[in-house]
Each structure stands twice: as C-alpha cells, then as structure tokens.
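Every number here is computed from the coordinates shown, using simple stated rules; none is lab data. Since the model is a prediction, treat every value here as computed from it, not as a measurement. As a convention, Cβ positions derive from the backbone with ideal geometry for all residues, glycine included, and neighbour counts pool all protein chains shown.
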Amino acid sequence: MSGRPDNFTIVIFGAGSDLATRKLFPSIYQLFRWGHLPEEWRLIGVGRAGHTHERFRRYVFDRVMELSPDSVDDRQHFERFCERLFYVNAELDRPEGYTVLHGEIMRTRGAEAGCGNLLFYLSTPPSLAPAIVGNLVLAGLGGRGQACPGWRKIIVEKPFGHDLQSARELNSLLEEAFDEHQIYRIDHYLGKEPVQNIMVFRFSNGMFEPLWNRQYIAQVQITIAEEFGIRGRGAYYEEAGLLRDIVQNHGLQLLAAVAMEPPVELSPDAIRDEKSKVLRSIRLFDRETAHGSAVLGQYDGYREEKGVAQDSNVETFASLRFMVDNWRWSGVPFFMKAGKSLGRTVTEIVITFRCPPQNFYGERGTAACTPNQVILGIQPEETVAIRFGTKRPGEEMVTDPVFMKFDYHESFAEEGLTPYHRLLLDAVDGNQMNFIRRDSLERSWSIVDSIRESLAGTIPDSYPVHSWGPDSAGRIYETPG
C-alpha cells in the first residue's frame, strides 16, 4: 500500500465481541499510531450495550489496556485515538437502529457523508449476517447502485455459512447488496507472514520451483494443532465442529497455496484463479473411500465442557488424505491433521521429497533413505527448514539427517504486520489478494460437505488430552491414492 488511504469510516457490528476487543481495536490503534490511516478516519461501533459515545470510548480504552497493553506505548496518544470512536445502540436484526446509524455516519462525516467511504466489518455470529446485510440495504447503505463516488466495502468473518447451501444463500444475499469486488471474506491465516511467503518461496527460488511436482515430491503434510480445547465455546463448537471450524478455511487455503500453479501475473484475480483451480481439482470423498481417507476424533472430556451435549458426537480432531487430480499432483497425497487438545500448538507444512533411485549411504550399509524435506513453520515459530542427509563423522559411509533453518525473527529486525493489520489495510486499499473469492469458498464447502456426508453417523474415536489424536488416525497413511 502506498501512502495514506482516502478518508473513510469503519463500522464494526458487534463492537463488544471478543474479536473486536482482542484483535480489531488494538490493530486499528496501531495502524493509527504508525501513520497508516488518513487524517479524517472514524470508527463507529454498533451493538446493544447501551453505550454513549463517551462510555464506548472508555470501554475500548479499558479493554485494550487489559487485553493488549503492549500495543499502547503512549496513553495520551491512545486517548486521541479514542476521540475518533463513536457508538450506535441497535438490535442488529431490527431495521430501526440502521436509521440511527445512517444519521451518525452523516453527523461524523459532515454534509457529504452519504457519499463518503464506508467499510463495514461483521464481528458477529454468522447467523446475524443476513439480517445485517438486509438492514444496510433498507437504510440506503448498501454498495449496489449507490448514486455517489464514495466506496462501500464489507468484511465478513468466518465461518461463512455452515455448509454449501447456506454459503450459497449468504453469497446470494450479499451480492444483492454489494458487488463481488466489494465483498471481503476474511481468513486471518492468509494475512500471516509465513503464509504470504509460501508463494515467494516457491516461485522465486530456482532450486525449488522445478522440483515442486509429482516427479520429485512424495507427499505433503499439513498440521494445524492446538494444545488447548474449545475454551468455553461449547455452543459454537456443537454447531461447527473441527471440519467446519478449521479444515474448510485455514486447512484448504494452506493446501491451495502449496499446490497452486504460478499465476500469470501478480494480481488478486490471477492468484485467486490458481487457488480456485486447485480446490476444484481436489477429489471429493464418498462412502467407499472415506474410511481409508478420513478419521475423526473427540478429545476425552469434551462432553463435560460447558454448552456441550453429554452424548455429543461432534469432532474435535480430523486426519484427512486429500488427492489433487491434476497434471502436477496426480498420485501425490496431501495429508492434513487438525485438532484441539493435541500435543502442542503448531501449524506447519512438511513437503517430503522422493528418495534417489539408488542409495548407497543408508544406516549401516542398508538402502534406507533420509528423505529431503522442506518444513514451513506458520506458528508459533515462523520458519523455513530444510532437512537433508549428510555423512556421519567416522569411517562408515552412512548418513544422518540434519537441518538448515531460517527464522523470521532472527533474520529481520523489523517486525512484520500482524494478520489483522495487513488485512484491514488491504480492505481499505481495495486489495483482495488475501481474501477468499466466492468460487473458492463454495468449492471448499463442497469438499467438507463430502467428508461429512461420507462419514454421517460415524462416532468420533476418542483420544487423550495432549496426545496427537486417536490411534486410528494412522490408517490414512496406509491407503494407496
């Protein structure tokens, strides 16, 4: 992004949500502190807390100081930030409050506010999205057919629907109010520095780009593990489950970044075209193949969590084998393991290369191979590691695996933008490269729906807390592609 953006108003629906207080307000403040925001930007929070403008400012101040004190290095400067905050009390599913919102936008922006730039952020449960969009249209705040030059954009948080049908319905509703280029379906993983680096690593390094295909790569493993459980989100998890919560968005977006073809140009549409092609190439699951390609699990004690049914069969773990049926990846399995209450919190991608056709340097004279691997660390470490074999000191000609490792924090003194910093700036700037397009979203739901339908009625296998999932998870590695 070059220079400061045009003046705008950001409207956050659900201004008292955990997302808003933990992520959005600290990120917006830091963008303000770093000089990335224009001179006349404003923020309007919308909710039903009954705040006045002043009480809302105090609420944001207290919450940020409690949850993200490190983001505030100058209290007086933070107070100047709070002066730009306003509040509209509204029931989000009722149209009356949107008339008040329209008036507040006009008041804070002046006589030409109706044609000002507006960014709407839905920090709300997904069930409220249809009502919010419909009420924006009734209040004359939608993006379609506006008779003025100012832009309208809307950011929608995941989960975007709960299956293919509901995602299509929500997409259709959004597109009654906004054009596709005004809709930003956000997945914060796409704003992470190491995820941004996947394309750069692949396409700018001549020692890897020619090898990134079925001839040289044996398999890809994607792990998205969290050592904690559902953290009081029982009601949400009973509706979502692991497949909807993690695989449909984070997991499949990482897979697409690893497997995509090089784009014809460095533009949002060109890059999203290639990701969409990968997702369309993923083989759907069916009842015949699902047993050997998918294992679901549930951690011990999940049914005792608040808001969880005592007989719940909701999955908190999934081990999956995806096959990408295209020219580049035919026959190469993409394994994905994701879950709650696992051994540690880690997100990483391991690309394992094929062994040489003949190996003279195995352990004690055997033909055992030390597979070469590229390991992309996403979190908590932001790293790239290369595993290869080298001769063990001594008389024997045998190999041991060693690693070369790059670490973002050790190599670069400058801190990168956090995902919400980056994605908020991208949305204001109109850059959709790191947001999910409608076709990719709906294809992702088709894949997840095929898993769920193929395993309908399956009881998840139990696994101990802080293990690596049920013992049965290993069977997906035994099934040929």
Which label in [x] 64, 58, 45; [y] 65, 64, 46; [z] 82, 51, 42 gives the computed Cα extents along the principal axes in Å
[z]
If unit charges are put on Cβ atoms (+1 for Lys and Arg, -1 for Asp and Glu) and the dipole of segment 31-121 is taken about its Cα centre, the option from V60, F120, N89 lying farthest towards the positive end turns out to be N89
If each of S267 and R94 carries a label point 7 Å out from its Cα toward its Cβ, how far apart are those two points in nm?
4.7 nm
For R354, the residues 5 or more places away or on another chain with a placed amide H closer than 5 Å to its own amide H are I217, A218
For a quick check: with amide H placed at 1.01 Å from N, whose amide H comes under 5 Å from F120's, ignoring anything fewer than 5 positions away on the same chain?
V11, K153, I154, I155
Can you tell me the 0 to 90 degree angle between the C-alpha axis of helix 96-109 and the longest principal axis of the chain, rounded to 10?
80 degrees
In whole Hz, what ³J(HN,Hα) sequence does segment 42-51 give by Karplus (6.51, -1.76, 1.60; θ = phi - 60°), x for Gly and Pro?
9, 10, 10, x, 10, x, 10, 6, x, 5
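Quick check on the chain: helices-only [θ] at 222 nm, where DSSP H runs of length 4 and up contribute -39,500 (n - 2.57) each and the sum goes over total residues. Nearest 500, please.
Details: 14 runs with 151 residues, N = 481.
After summing the helix terms and dividing by residue count, I get -9500 deg cm²/dmol.
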0 to 90° range, to nearest 10: angle between helix 53-67 axis and the chain longest Cα axis
20 degrees
Label-point separation, Q165 to R75 (7 Å along Cα→Cβ), nm:
5.6 nm
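Where a ≥ b ≥ c are the square roots of the eigenvalues of the C-alpha gyration tensor, would you call segment 229-305 rounded, which needs a/c under 1.5, or, failing that, prolate if a/b is larger than b/c, or oblate? Before the final figure, lay out the partial values.
On the way: a/c = 3.67, a/b = 1.80, b/c = 2.04.
Oblate, because a/c is 1.5 or more while a/b does not exceed b/c.
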Have a look at A167, H77, G307 and report the one farthest towards the positive end of the charge dipole of the chain, computed about the Cα centre with Cβ charges (Lys/Arg +1, Asp/Glu -1).
A167
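Starting from the Cα gyration tensor of segment 120-247, take the square roots of the eigenvalues, sort them a ≥ b ≥ c, and report rounded, prolate or oblate (rounded when a/c is under 1.5, otherwise prolate if a/b is larger than b/c, else oblate). Numbers along the way, then the final one.
Details: a/c = 2.68, a/b = 1.50, b/c = 1.79.
Note, shape of segment 120-247 comes out oblate.
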Can you return the aspartates and glutamates within cross-link range of K192? Criterion is Cα-Cα under 19 Å, with same-chain partners fewer than 8 residues away left out.
E157, E226, D245, E348, E381, E382, D407, E410, E414, E415, D426, D429
Dipole magnitude of the chain about its Cα centre, charges +1 at Lys/Arg Cβ and -1 at Asp/Glu Cβ only, in debye to the nearest 20?
240 debye
Placing +1 on the Cβ of each Lys and Arg and -1 on the Cβ of each Asp and Glu in the chain, which of F8, I378, A290 has its Cα farthest towards the positive end of the resulting dipole?
F8
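Quick check: residue separation of H409 and E288 times 0.36 nm, minus the Cα distance between them. What number comes out in nm?
On the way: separation 121, 0.36 × 121 = 43.56 nm, distance 4.62 nm.
Length gained, H409 through E288: 38.9 nm.
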Measure nothing but the geometry: give the 0 to 90° angle between the long axis through the Cα atoms of 129-138 and the longest principal axis through the Cα atoms of the chain, rounded to 10°.
30 degrees
How far apart, in nm, are two points set 7 Å out from the Cα along the Cα-to-Cβ line at V402 and at D6?
5.7 nm
Name the residues of segment 253-272 whose amide N is less than 20 Å from a point 7 angstrom out from the Cα of N205 along the C-beta direction?
254-263
